[in-house]
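Everything below concerns the one structure shown next.
The values are calculated or read from the model by the stated rules, or taken from the named source; none is laboratory data. The shown structure was predicted, so the numbers you read here are calculated from the model rather than taken from an experiment. Quick reminder, even Gly has a Cβ in these numbers, built from the backbone with ideal geometry, and neighbours come from all protein chains shown.
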Ligand SMILES: Cc1cc2nc3c(=O)[nH]c(=O)nc-3n(C[C@H](O)[C@H](O)[C@H](O)COP(=O)(O)O)c2cc1C
């Protein structure tokens, strides 16, 4: 019988964050909270949407910042532990959201409230979008890839891999609820996004852990 080892906390060790290939970084604009809806209404209304058109970049960022931006930081913590709407093992939040919208690829830098446009080969973007559209032919919105930087989980835990995968599930659910709360359609995709990681420079420490479509439901 095969099994996965339980994670085991380490003394927080040294680590090196992945350096994303950022072309330009733009601070998030004015925050617009979604219209008030009860939690129960959002919770009960969330369903995967498979037919959609493009939402504005502003509307997409509104969903992503609602889901991702830290609400609290652990004081003086070298591993930058934070509290956000999503669960995360050890409060590490190691997963970045990459957003394929229009002809650009962005990383949501939730820690610094920046939308970073990434330098990626155009064919990588086109191939990824076309792979997503093969799964959801009626989705003409934006596509998301979840990419974990394993540096901090590895510094904090022995056998950290399963924690990252469980974080990915928690994040997907949080993104889906945030999209519902902002009135956008959202659908997870069974593909991982490994080809996106393979197209970025020096990515040994990155792991693609999921994908989704997001846009205006039709
Ligand atoms: C990890 C994961 C992968 C999924 N992959 C796909 C997919 O490739 N295509 C799709 O149409 N739906 C996909 N879904 C959505 C599920 O089919 C959907 O959540 C399920 O049918 C329940 O419906 P609901 O989300 O509307 O409640 C995925 C969901 C998860 C959690």
Can you tell me which residues in the stretch 1-18 are touching a residue at least 24 places away in the same chain (Cβ under 8 Å) and either within 22 Å of residue 117 (Cα to Cα) or in a loop (DSSP other than H, G, I, E, B) (or both)? 4, 5, 6, 7, 10, 12, 13, 14, 15, 16, 17, 18
So if I check each of 156, 161, 138, which one is modelled with pLDDT of 95 or more and either touching a helix residue (DSSP H, G or I) at 6+ places or on another chain (Cβ under 6 Å) or buried (at least 17 other Cβ atoms within 10 Å of the Cβ) (or both)? 156
What is the residue count in the stretch 24-62 for residues that are more than 16 Å from the ligand (Cβ to nearest atom) and within 24 Å of residue 138 (Cα to Cα)? 10
Tell me the residue from 91, 168 that is without any contact (Cβ under 8 Å) to a residue 40 or more places away in the chain and farther than 25 Å from residue 24 by Cβ, please. 91
